[in-house]
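Computed from the coordinates by the stated procedures, all read-outs in this text should not be read as laboratory data. Since the structure is predicted, the reported quantities are computational estimates derived from the model, not experimental observations. Here the Cβ positions follow ideal geometry from the backbone for every residue, glycine too, while neighbour counts run over all protein chains shown.
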Amino acid sequence: MPLINYIEANGTHYEAEVAVGESIMQGAVDNMIDSVLAECGGACACATCHCYIDNAWVEKVPAAENAEKDLLEAVIDPKDNSRLSCQVFVTEEMEGFTVHLPESQY
Ligand code: FES
């Protein structure tokens, strides 16, 4: 399973093995990384799974679909690399994939 890095706003760094096909959000929830709230359980309806994709990985994940883009307009402190972590799914190529978690979810 690829090792995924989650870095909280205060610098706390978590590493979690997440199965291929799982979302980055589910990996955080399963590993008790509390800065991913995921209130809707991955239904692309709450935006409490907001994350920033590390710059080294931004181009390596598929672009957001329209429903995700709409929700991203409502998050606190959106950036060009903002994504909803429930809409980003782990692939074999994502060993070392890194997301930064927003201060608003800390
Ligand atoms: Fe609700 Fe991602 S968990 S939008």
Most exposed first, judged by fewest Cβ atoms within 10 angstrom, THR91, THR48 run THR91, THR48
Taking TYR6, TYR14, TYR106, TYR52 and counting other C-beta atoms within 10 Å, the order from fewest to most | TYR106, TYR14, TYR52, TYR6
Packing-ranked peptide list from 58-69, 94-105, highest mean Cβ count within 10 angstrom first, is 94-105, 58-69
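With the Cα gyration tensor of the chain giving a ≥ b ≥ c as the square roots of its eigenvalues, does the rule (a/c under 1.5 for rounded; else a/b larger than b/c for prolate; else oblate) give rounded, prolate or oblate? Can you show the working numbers first?
Values: a/c = 1.34, a/b = 1.19, b/c = 1.13.
Here the chain falls in the rounded category.
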Would you mind working out the magnitude of the charge dipole of the chain relative to its Cα centre, with +1 at each Lys and Arg C-beta and -1 at each Asp and Glu C-beta, to the nearest 20 Debye?
-> 140 debye
